[in-house]
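The values are calculated or read from the model by the stated rules, or taken from the named source; none is laboratory data. Bear in mind that the values here come from a model prediction, so they are computed numbers and not experimental data. As a convention, Cβ positions derive from the backbone with ideal geometry for all residues, glycine included, and neighbour counts pool all protein chains shown.
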């Protein structure tokens with residue numbers, strides 16, 4: 001287990017208003033993870049996940065927020081919360097499977113519209129984070145909560161499940 005860093009970073013919050021915010025937010029997330037004590041690989045994973053989530057907010061909801069905080073119980077880690085005021089997602093659990101884009105499954109050979117992704121972004125988020133939850137918040141939009149623990153448990157291996165509390169690694 002890692003010790004709590006001598007200086008625990010204060011929680012940070014950022015407004016999301018356009019696609020370019022993903023770069024700033026990802027860089028801030030990487031710095032935040034470094035202060036907590038994550039190695040370069042894990043810092044990169046945090047940055048990639050934040051970039052994907054912020055990009056989705058900008059594309060599908062137009063605006064939202066990103067909040068970063070340090071978790072010390074039950075283990076040391078980073079908590080990433082992204083909220084938007086968009087329409088939500090019909091089946092939140094399904095979007096963490098590879099092959100989903102714009103809320104629907106991409107079938108092989110399906111003609112994709114310009115700008116439509118490969119459908120692996122949120123699946124990658126689920127694999128890189130220790131725990132991911134997504135929920136539609138009535139009258140508010142979508143809320144995604146990600147946790148990444150500094151020390152993975154011994155003997156564990158990915159991919160990381162993206163469902164309820166029992167999936168926390």
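Report yes if some residue within the stretch 10-31 is in a loop (DSSP other than H, G, I, E, B) and within 17 Å of residue 151 (Cβ to Cβ); otherwise report no. No. The residues in the stretch 1-23 that are modelled with pLDDT of 95 or more and surrounded by 15 or more Cβ atoms within 10 Å (Cβ to Cβ) can be counted, and the count is 4.
A quick yes/no check of all residues on (1) farther than 26 Å from residue 3 by Cβ; (2) in contact (Cβ under 8 Å) with a residue 24 or more places away in the chain; (3) surrounded by fewer than 21 Cβ atoms within 10 Å (Cβ to Cβ); (4) more than 13 Å from the chain's Cα centre (by Cα):
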residue	(1), (2), (3), (4)
38	no, yes, no, yes
50	no, yes, no, no
56	yes, yes, no, no
60	yes, yes, yes, yes
68	no, yes, no, no
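Of the listed requirements (1) over 20 Å from residue 131 (Cβ atoms); (2) outside any helix (DSSP H, G or I), residue 66 misses just one: (1).
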